[in-house]
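See below for the structure under consideration.
The values are calculated or read from the model by the stated rules, or taken from the named source; none is laboratory data. All figures in this text were calculated on a predicted structure; none of them were measured in a lab. All Cβ positions, glycine included, derive from the backbone under ideal geometry; neighbour counts span all protein chains shown. Just the protein is used for accessible areas: all its heavy atoms, side chains included, with ligands, DNA and RNA removed. Shrake-Rupley method; radii C 1.70, N 1.55, O 1.52, S 1.80 Å.
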Amino acid sequence: MKYDVIIIGGGPAGMMAAIAMCDSSLKTAIIEHGDKVGRKILVTGNGKCNLTNMNMGRDCYNSDSDGAFYDVIENYDPNWLIGKFCDMGMLTRERDGYVYPASEQASTVLDTLRNAVNKAGCDVISESNVKLASRISDREKGFIVSTDKGEYTCDKLILACGSKCYSKTGSDGFGYKLARYFGHRIIDVIPALGPIECSENFFPALKGVRAKGKITISGYVNLSDRGEIQFTEYGISGIPVFQLSRHIIRAINMGEDIEVELDLYPDHAEELVKMYLDKFRSTAEDVTMLLNSMINKKLAVVIANRCKIKPSAPAASLSDSDLDKLCDMIKHFKVSPVEGRGYDMAQVCAGGVDLEEIDTSTMESLKCKGLYICGEMLDVDGICGGYNLHWAFASGYLAGLAAAGIVKSTLVT
């Protein structure tokens with residue numbers, strides 16, 4: 001069957017690309033290998049779907065590129081996205097900059113997008129696995145998409161295949177193979193916004209512990225973040241860990257030195273922590289009780305053991321040197337990262353199609369005219385807080401407008 005535009009991938013970017021073409025007379029189709037489009041949206045934001053964030057800035061995104069991609073976000077900013085969803089019949093709610101559907105249900109976002117895709121007159125070819133996408137010929141414009149349901153041709157092709165995380169929702173990384181076929185370079189893809197496995201043997205004893213803290217990484221890069229750190233049987237998790245995980249995993253994969261340190265009492269200086277310990281030394285029954293006045297009891301036991309001090313030792317028997325050791329461990333709790341926990345436990349991927357090969361004024365490939373690439377396939381990953389979903393929506397919408405000829409390239413040719 002012949003189409004004007006085919007979109008491979010029915011996630012947030014693919015659906016928004018189709019919606020962008022709703023006012024054109026183009027015959028469009030989404031080819032989706034799942035039974036329905038947009039399933040990944042249901043697992044975002046803990047089922048509430050954090051759409052975007054009003055606290056938007058360049059430092060909210062990572063990429064190996066020169067940063068020109070951020071022009072897309074500036075042109076299609078949070079206010080634009082809120083207005084777009086309102087036009088599609090959905091209201092939003094903001095909380096501390098985080099923007100959610102007013103219903104606080106991810107299903108509302110998905111229903112809104114599916115309805116808009118349907119109104120745009122876009123065909124959805126579901127449960128269809130793409131085998132290959134290529135130029136029709138060297139001399140003839142257009143593309144041919146081969147699937148297990150047959151072949152389709154189109155004048156313009158949009159790749160919105162997503163990344164490799166959450167494979168149960170259909171993300172399998174196949175889009176990278178298609179991009180490579182068209183000559184694109186792929187920056188090494190790694191899981192991001194996910195937990196970190198560590199080598200220490202005390203982590204099973206800390207399973208389930210949550211602590212307000214600060215995580216700092218140094219060596220390959222020097223960065224820090226703070227919030228609720230979660231301890232698991234294999235290592236560390238929680239939003240602050242997620243924010244830095246792509247840098248930790250990248251360093252490990254490159255064989256670079258990386259140090260990870262947790263401050264388990266981040267609101268007070270080291271001297272003040274020692275003063276508290278000294279003050280309560282005479283009143284606490286044992287070392288565990290002394291430390292438990294400030295931190296979780298399970299952490300207290302591990303900290304004492306790491307300092308080679310018996311958790312059951314009388315607190316009054318502690319020397320000033322012992323207090324120094326305990327204080328140092330509370331403020332500088334070092335862990336040894338080994339690896340991430342894989343793509344299925346990561347929210348997004350870092351790496352992807354090299355943005356130096358994309359015209360970010362249209363999302364058109366600089367390697368293949370008429371080919372557009374958008375969303376998480378590209379080498380852009382944001383921090384937690386709706387930034388990755390915003391990138392998918394903004395870049396997908398721009399790709400759709402450009403494929404329809406509504407937006408023209410600003411590149412000088």
Of all strands (runs of 3 or more DSSP E) fully inside segment 102-209, the set with 1 or more residues that are more than 15 Å from residue 34 (Cα to Cα) is 130-135, 143-147, 150-159, 186-192, 196-198
Among (1) within 23 Å of the chain's Cα centre (by Cα); (2) more than 17 Å from residue 339 (Cα to Cα); (3) open to solvent by 20 Å² or more (accessible area, probe 1.4 Å); (4) in contact (Cβ under 8 Å) with a residue 12 or more places away in the chain, residue 222 falls short only on (4)
Output for Cβ contacts, cut-off 6 Å, separation at least six or different chains, first residue more than 14 Å from residue 44 (Cβ to Cβ) in segment 99-117, second modelled with pLDDT of 95 or more and small (Gly, Ala, Ser), reads 117/18
Requiring at least 3 residues that are under 32 Å from the mean Cα position of the chain (by Cα), the helices (runs of 4 or more DSSP H) wholly within segment 282-339 are 297-306, 320-331
A careful count of residues in segment 55-101 that are touching a strand residue (DSSP E or B) at 6+ places or on another chain (Cβ under 7 Å) and either in a loop (DSSP other than H, G, I, E, B) or of a type outside the set (Ser, Thr, Tyr) (or both) gives 12
Within segment 352-404, restricting to residues that are charged (D, E, K, R) and assigned to a helix (DSSP H, G or I), the one that is most open to solvent (accessible area, probe 1.4 Å) is 356
Within segment 284-328, of all residues that are open to solvent by 40 Å² or more (accessible area, probe 1.4 Å) and of a type in the set (Asp, Glu), the one farthest from residue 211 (Cα to Cα) is 320
Contact list, first residue from segment 245-264 and over 15 Å from residue 198 (Cα atoms), second anywhere and at pLDDT 95 or above and hydroxyl-bearing (Ser, Thr, Tyr), beta-carbon distance below 8 Å, six or more apart or interchain, is 263/216
Of (1) part of a helix (DSSP H, G or I); (2) open to solvent by less than 30 Å² (accessible area, probe 1.4 Å), residue 252 fails just (2)
Filtering segment 137-176 down to residues that are modelled with pLDDT of 95 or more and of a type in the set (D, E, K, R) yields 151, 155, 156
Looking for something surrounded by fewer than 16 Cβ atoms within 10 Å (Cβ to Cβ), closer than 18 Å to residue 400 by Cα and of a type in the set (Gly, Ala, Ser) - is there at least one such residue anywhere in segment 114-122?
yes
Being within 30 Å of residue 173 (Cβ to Cβ), among the charged types (D, E, K, R) and surrounded by 16 or more Cβ atoms within 10 Å (Cβ to Cβ) narrows 281, 341 down to just 341
Going through (1) among the β-branched types (Val, Ile, Thr); (2) in contact with a Leu (Cβ under 6 Å, 6 or more places away or on another chain); (3) open to solvent by 10 Å² or more (accessible area, probe 1.4 Å); (4) at pLDDT 95 or above one by one, residue 407 fails only at (4)
